[in-house]
2 protein chains.
Amino acid sequence: MKVAEPTVERLVQYRRLLDRMDRDKVQVISSKEIGDMLGFKASQVRKDLSYFGEIGKRGVGYNVDRLLKHVSDILSPPRKWNVGLVGVGRLGEALLDHKAFLSDKYEIVALFDVSDEKVGETFFGRPCFHVDDMPEKLEEMDIEILILTVPKDAAQRCVDAGTEKGQIKGVLNFSPSSVVAPPGLIVYSVDISVELEKLLFYLKHEGTESI
Amino acid sequence: MKVAEPTVERLVQYRRLLDRMDRDKVQVISSKEIGDMLGFKASQVRKDLSYFGEIGKRGVGYNVDRLLKHVSDILSPPRKWNVGLVGVGRLGEALLDHKAFLSDKYEIVALFDVSDEKVGETFFGRPCFHVDDMPEKLEEMDIEILILTVPKDAAQRCVDAGTEKGQIKGVLNFSPSSVVAPPGLIVYSVDISVELEKLLFYLKHEGTESI
DNA sequence: TTATGTGAAAAGGTTCACAGCC
DNA sequence: GGCTGTGAACCTTTTCACATAA
């Protein structure tokens, strides 16, 4: 089944909210309540949630516990993924320490860098290897996802090294540059400075958008 | 004039590319070349660039120098903005040190945190104040933009503190939570874990998307 | 009465195709 | 011939409106 990207993005947020509601012992929630808390229209929430079957009760709302399980099932990968992080700078370390990256669905198992001071060391319990050894290490450690926190000129080389033996399936690119990827490789880019520039643009133009 | 958000996002990338081309002494570039380098269709590039007037030469392409000035004019804010960063943790420090945040259009002039060890210190040359003093300090220092690198439970309080005296116009939220903002306040959220979750979802579904 | 589920309509963006100019 | 500019077509996503069920 094909799911639109904006829908997936909202599903992740629904799960996070439902998880909190569940811990707070909330039993029932309506599409309007969900929408108000996350900044979406109630009709949008209903469309998203009904996409995978009727899960709510008309006249009542959604059972939090049941809906949480349902959304989690939709989002959960069938197995755990091994992740490699390239570029152990400040941003890389921040991500390593990031709570969001504590999950049972993926695990950062190896780090890569070019600095002699970092190669051979461990950071937050993960070993750091040299970028030149990436093709072999990725294969050896069964790594299929790369997180890139490298300078802009290095991003493309990292993607190339990751696809050399063909096992990398996804890349999360935090460097301020676009990368060219072979078909089949999924690349998501989070460009921090672009976000700030967009904000400045709409500030300048006195817009009223809120995302 | 109303400009679509995806267009602004691409404009920022065009400028970055043109800046590099200009430094490399490239004089002329076509919409196809731009598109190939950034992963957009040539027709998309032309639509974006023609949106603000005819700037290219038919049969020739775009003059890099002229186009760069043009795109910069569209994006440049009319004045410099003062920015406050809340939450001097690893991510906050990574952003402080981020090259993308070196700009003549904005400057991080103050930091805020709750930790006694950080309040009163300076980080990368910026003074750190207590979060409780935000309303006064923001007004005093003429800060209109906030960057939030705080834990999820603190994000909403920061927005509330920033809007208490009404001067905050934009927020860039890096915390993994949604915030409710009064109308007129522009909030952009960069949710690192959501991006990874999206990637995992499409990996699971063996899609062929590339963004 | 209340809140979901869902076709249909509207809005928002992208791509096409070709006229127009170099 | 080559490449831009752009209306029209197309596709995607959101919102509406109301039938339906608790």
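The values are calculated or read from the model by the stated rules, or taken from the named source; none is laboratory data. Bear in mind that the values here come from a model prediction, so they are computed numbers and not experimental data. Cβ atoms come from the backbone with ideal geometry, glycine included; neighbour counts cover every protein chain shown.
For residues that are at pLDDT below 95 and away from DNA strand C (no atom under 16 Å from the Cβ), tally how many sit in region B:21-51. Count: 0.
What about B:TYR62, is it within 18 Å of the chain's Cα centre (by Cα) and of a type in the set (Phe, Trp, Tyr)? No: the conditions fail for B:TYR62. Looking at B:SER115, is it free of Cβ contacts under 8 Å to residues at least 40 places away in the same chain and within 14 Å of chain A (Cβ to nearest Cβ)? Here the answer is no, as B:SER115 does not meet what is asked.
Of A:GLU5, A:GLU93, all but one fail to be within 12 Å of DNA strand C (Cβ to nearest atom) and closer than 30 Å to B:PHE101 by Cα; the exception is A:GLU5. Read through the list (1) within 10 Å of DNA strand D (Cβ to nearest atom); (2) without any contact (Cβ under 8 Å) to a residue 24 or more places away in the chain, then give the number of the only condition that B:PRO78 fails. Against the list (1) within 10 Å of DNA strand D (Cβ to nearest atom); (2) without any contact (Cβ under 8 Å) to a residue 24 or more places away in the chain, B:PRO78 comes up short only on (1).
In the set (1) assigned to a helix (DSSP H, G or I); (2) more than 13 Å from every other protein chain (Cβ to nearest Cβ); (3) under 21 Å from A:ASP97 (Cα atoms), B:ASP133 fails one condition alone, (3). Of the residues making up region A:23-43, those that are away from every other protein chain (no Cβ under 13 Å) and surrounded by fewer than 17 Cβ atoms within 10 Å (Cβ to Cβ) are A:LYS25, A:VAL26, A:GLN27, A:VAL28, A:SER30, A:LYS32, A:LYS41, A:ALA42, A:SER43.
Residue-by-condition table, conditions (1) assigned to a helix (DSSP H, G or I); (2) over 18 Å from the mean Cα position of the chain (by Cα); (3) more than 30 Å from B:THR7 (Cβ to Cβ); (4) at pLDDT below 95:
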position: A:SER115; (1), (2), (3), (4): no, yes, yes, no
position: A:GLY162; (1), (2), (3), (4): yes, yes, yes, yes
position: A:VAL180; (1), (2), (3), (4): no, yes, no, yes
position: A:TYR202; (1), (2), (3), (4): yes, yes, no, yes
position: A:GLU209; (1), (2), (3), (4): no, yes, no, yes
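Would you confirm, using the coordinates I've provided, whether A:ALA100 is under 22 Å from the mean Cα position of the chain (by Cα), in a helix (DSSP H, G or I) and over 22 Å from B:LYS204 (Cα atoms)? In short, no. Out of the residues in region A:182-192 that are at the interface with another protein chain (Cβ under 7 Å from one of its Cβ atoms) and modelled with pLDDT under 90, state the one that is farthest from the chain's Cα centre (by Cα). Among them, the one singled out is A:PRO183. For region B:14-72, a residue qualifies if it is part of a loop (DSSP other than H, G, I, E, B) and either more than 24 Å from A:ASP153 (Cα to Cα) or among the charged types (D, E, K, R) (or both), and the qualifying residues are B:ASP24, B:LYS25, B:LYS41, B:TYR51, B:PHE52, B:GLY53, B:GLU54, B:ILE55, B:GLY56, B:ARG58, B:GLY59, B:VAL60.
From the set of residues in region B:52-67 that are more than 13 Å from chain A (Cβ to nearest Cβ), under 27 Å from B:SER103 (Cα atoms) and surrounded by fewer than 19 Cβ atoms within 10 Å (Cβ to Cβ), which is farthest from DNA strand C (Cβ to nearest atom)? Step through it out loud before you land on a result.
Residues of region B:52-67 more than 13 Å from chain A (Cβ to nearest Cβ): B:53-67.
Narrowing the set further to residues that are under 27 Å from B:SER103 (Cα atoms) leaves B:53, B:55, B:62-67.
In the following step, the residues that additionally are surrounded by fewer than 19 Cβ atoms within 10 Å (Cβ to Cβ) were identified as B:53, B:55, B:63, B:65-66.
Details: B:GLY53: 14, B:ILE55: 12, B:ASN63: 11, B:ASP65: 17, B:ARG66: 14 Å.
Checked region B:52-67; the qualifying residue farthest from DNA strand C (Cβ to nearest atom) is B:ASP65.
Among B:ILE108, B:ILE145, which is the only one that is of a type in the set (Val, Ile, Thr), more than 16 Å from DNA strand D (Cβ to nearest atom) and facing chain A (nearest Cβ under 8 Å)? That would be B:ILE145, the only listed residue that is of a type in the set (Val, Ile, Thr), more than 16 Å from DNA strand D (Cβ to nearest atom) and facing chain A (nearest Cβ under 8 Å). Collect the residues in region B:182-200 that are within 25 Å of A:LEU146 (Cβ to Cβ) and assigned to a loop (DSSP other than H, G, I, E, B), keeping them in residue-number order. The answer is B:VAL190, B:ASP191. Against the list (1) at the interface with chain B (Cβ under 7 Å from one of its Cβ atoms); (2) touching a Leu at 6+ places or on another chain (Cβ under 7 Å); (3) surrounded by fewer than 19 Cβ atoms within 10 Å (Cβ to Cβ), the condition A:LEU203 fails is (2).
Among the residues of region B:77-91, those that are more than 8 Å from every other protein chain (Cβ to nearest Cβ) and either among the small types (Gly, Ala, Ser) or closer than 20 Å to A:ALA94 by Cβ (or both) comprise B:VAL83, B:GLY84, B:LEU85, B:VAL86, B:GLY87, B:VAL88. Of note, A:LEU91 satisfies the criterion of being of a type outside the set (Val, Ile, Thr) and out of contact with any Asp or Glu (no Cβ under 6 Å at 6 or more places or on another chain).
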